[in-house]
Each structure stands twice: as structure tokens, then as C-alpha cells.
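Asker: Pasting in a structure now, in C-alpha cells, and then I'll have a few things to ask.
The values are calculated or read from the model by the stated rules, or taken from the named source; none is laboratory data. None of the values given here were measured: they were computed from a predicted structure. For neighbour counting, all protein chains shown are included, and Cβ atoms are generated from backbone atoms with ideal geometry for every residue, glycine included.
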Amino acid sequence: MTIAIVGPGNLGTSLALSLDEAGYRVREIIYRKGGASAKRARTLARKIHARAETPESARLEVDLLWICVGDRQIAAAAQELATRRDWHGKIVFHASGALLSDELFLFKKWGAAVASVHPLMTFVRGTRARWKDVPCAIEGDARAVNAARSIVRALGAEAFEIKPRNKAAHHAWAAFTSPLIIAALVTGEEVALLAGHSREEARTRMMPIVKQTIANYEKLGAAGAFSGPIVRGDVETVRRHMAVLRKLPSAREAYVALAHSAMRHLPVRNKQALRNVLRG
């Protein structure tokens with residue numbers, strides 16, 4: 001199967017390299033003119049012996065077009081590329097976790113089978129995420145879904161189908177698995193500043209407990225990994241936390257919200273007394 005990838009960003013780059021390593025022929029990396037996109041596309045194309053092309057110059061002589069741009073750009077990419085050729089017998093994917101394969105209706109109109117293929121993984125600049133064991137949610141036309149399953153497995157990842165009505169909830173869940181964890185950690189950094197640590201010190205000093213917590217969660221589940229004053233029902237300690245966090249209202253708000261979540265879903269002692277303190 002020959003492939004063209006639209007978007008040489010963090011996801012597109014990781015995908016292109018992984019496809020190349022798995023033996024797929026990535027022929028084109030398609031980028032928008034302007035900014036750093038052209039440089040990234042050319043660098044990536046050289047690594048995998050592909051061509052870096054704009055939407056205007058792309059040949060699109062491939063079996064599969066994989067769109068790896070932001071959600072707001074998918075419709076524009078479809079508008080630019082769908083009328084460029086006859087798509088009968090071809091397949092088109094997008095990688096959005098929130099949007100359905102319906103976003104690719106223009107390609108479908110011109111004969112393509114379409115699907116959304118969302119990897120439950122974080123892709124950021126400065127590090128390359130591997131696809132091995134990554135769960136990928138797939139939704140769309142039967143032929144495109146079957147092709148997606150085959151490719152995902154060839155990458156060493158896990159393929160599973162998701163119902164269209166569950167896609168928004170799936171992506172909201174995904175937000176809790178990485179970006180909102182980072183939001184919690186950066187809120188923790190703010191509290192560390194209050195305790196006299198620098199941001200760099202905070203990040204270094206909290207990594208052992210963060211790593212152990214994730215390891216405990218993986219091995220023992222949420223209830224087994226939960227520790228600290230809330231699980232013990234230590235009202236006076238929580239009261240002290242609430243008092244000092246008045247200096248950081250946003251951190252205090254996050255603390256209260258997460259404490260209430262813990263009391264709803266985890267084994268916690270002295271729940272009513274804790275609720276009273278959290279109202280203060």
C-alpha cells in the first residue's frame with residue numbers, strides 16, 4: 001500500500017517514520033506553504049525517501065491518504081484535495097479523536113472509503129512517540145476500517161472500533177489521560193513555588209512520586225494507588241491545605257474539585273467532615 005500524509009507535524013512525523021519502518025511506502029508528505037511546515041516536510045521526506053509537496057503540487061498517486069492536521073484544518077484539507085483526482089478504490093483517514101469520519105464526506109463523494117483513526121498517545125516536539133501497543137480508535141466505512149486495522153496492527157499498535165455516538169466521550173477521556181495530567185502537574189508547580197521551590201526544582205523533585213504513582217495505578221488500579229490525607233480522612237491536614245491555598249485560588253479550586261472526585265469514586269474516610277472542610 002502506498003501512502004501520502006497530510007501534515008508534517010508531531011503526529012504526522014511519528015506516523016510517517018513508523019510506517020516507513022513497518023515497510024509501507026510513504027510517497028508524499030503534503031504541507032501548507034509558509035512557516036516552518038515546509039522545512040519539517042522536507043526534512044521528514046528526506047528521511048523516508050518521499051517527496052515534500054504542497055496541496056497544489058501533490059500527485060496523490062497513492063492507495064491511502066492520511067490527514068494528520070488539527071481538527072479545525074481537516075475540512076479545509078478535504079476541500080483542497082478531494083476534487084484533485086478520482087478517489088474510487090482509494091482510502092482516506094483522518095486522525096482526529098473528536099471528529100467523525102463524516103468530515104471526509106467530500107472524498108466519499110468522489111468514491112473513497114473513509115475512516116477516522118485516533119491513536120491514544122501524546123505527540124509533542126522534542127521526542128518521538130512510538131506506536132507499539134498504542135490503542136487506536138477506528139470508526140468509518142467497512143473497507144476503510146479493515147484497512148486501518150491491518151495497518152495499525154502492522155505498526156504494533158492495538159486497533160479497536162468505536163461507535164460514532166461515543167466519539168466525543170472517547171476524546172474527553174483522552175484529555176484526562178495526558179493534557180489534563182500536565183495541567184495538574186503545572187498547578188502543582190505553582191504550589192511548589194509557594195513552598196519555596198523553583199519550577200525546575202519542583203519538576204525534578206516530584207518526578208519520583210509521579211512515576212511511582214503511575215506504576216501503582218498500572219499495577220493496583222485507582223483504589224490501590226490512592227494515598228495521602230484524603231484517603232485517610234485526615235481533616236486537620238486538609239484544613240491546613242485549604243488555608244494555605246487561599247493564596248492560589250486556581251490551585252485551591254482544582255484541589256477541591258479533585259478531592260470531591262476522590263470522595264465519589266475512591267475509598268475515603270470521614271467523607272462528611274472532609275466535605276465540610278472543603279466548603280470553607
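Asker: Looking at Phe160, is it at pLDDT 95 or above, over 30 Å from Gly23 (Cα atoms) and aromatic (Phe, Trp, Tyr)?
Answerer: No; evaluated as a whole, the condition is false for this residue.
Asker: Tell me, which helices (runs of 4 or more DSSP H) wholly within region 206-280 include 2 or more residues that are farther than 25 Å from Thr177 by Cβ and among the aliphatic types (A, V, I, L, M)?
Answerer: Counting at least 2 such residues, we get 235-244, 271-278.
Matching residues to (1) touching a residue at least 24 places away in the same chain (Cβ under 8 Å); (2) touching a helix residue (DSSP H, G or I) at 6+ places or on another chain (Cβ under 7 Å); (3) not assigned by TED's automatic domain parsing to the domain that holds Lys90:
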{"residue": "Gly7", "(1), (2), (3)": "yes, no, no"}
{"residue": "Glu21", "(1), (2), (3)": "no, no, no"}
{"residue": "Arg32", "(1), (2), (3)": "no, no, no"}
{"residue": "Gly35", "(1), (2), (3)": "no, no, no"}
{"residue": "Glu56", "(1), (2), (3)": "no, no, no"}
{"residue": "Leu60", "(1), (2), (3)": "yes, yes, no"}
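Asker: Given the conditions (1) at pLDDT 95 or above; (2) within 22 Å of Phe176 (Cα to Cα), which single one is not true for Leu81?
Answerer: (2)
Asker: Looking at Ala41, Ala95 in this structure, which one is touching a Phe, Trp or Tyr at 6+ places or on another chain (Cβ under 6 Å), at pLDDT 95 or above and among the small types (Gly, Ala, Ser)?
Answerer: After ruling out the rest, the residue left standing is Ala41.
Asker: For Ala223, which of the numbered conditions (1) surrounded by 13 or more Cβ atoms within 10 Å (Cβ to Cβ); (2) touching a residue at least 40 places away in the same chain (Cβ under 8 Å); (3) under 26 Å from the mean Cα position of the chain (by Cα) fails to hold?
Answerer: (1)
Asker: Looking only at region 253-280, count every residue that is within 21 Å of Val210 (Cβ to Cβ) and crowded, with 16+ Cβ neighbours inside 10 Å and tell me the total.
Answerer: Selection size over region 253-280: 4.
Asker: For region 96-147, which residues satisfy the criterion of being of a type in the set (Phe, Trp, Tyr) and either surrounded by fewer than 20 Cβ atoms within 10 Å (Cβ to Cβ) or in contact with an Asp or Glu (Cβ under 8 Å, 6 or more places away or on another chain) (or both)?
Answerer: Phe105, Trp110, Phe123
Asker: From (1) touching a residue at least 24 places away in the same chain (Cβ under 8 Å); (2) more than 25 Å from the chain's Cα centre (by Cα); (3) outside any loop (DSSP other than H, G, I, E, B), pick out the condition that doesn't hold for Arg46.
Answerer: The one condition Arg46 does not meet is (1).
Asker: Something else: Being in a loop (DSSP other than H, G, I, E, B) and more than 22 Å from the chain's Cα centre (by Cα) is the filter here, so list the residues in region 1-21 that pass it.
Answerer: Matches in region 1-21: Met1 only.
Asker: Follow-up question, since we're still on this one. So, in region 50-72, of the ones that are surrounded by fewer than 15 Cβ atoms within 10 Å (Cβ to Cβ) and either of a type in the set (Lys, Arg) or assigned to a helix (DSSP H, G or I) (or both), which residue ends up farthest from the chain's Cα centre (by Cα)?
Answerer: Arg59
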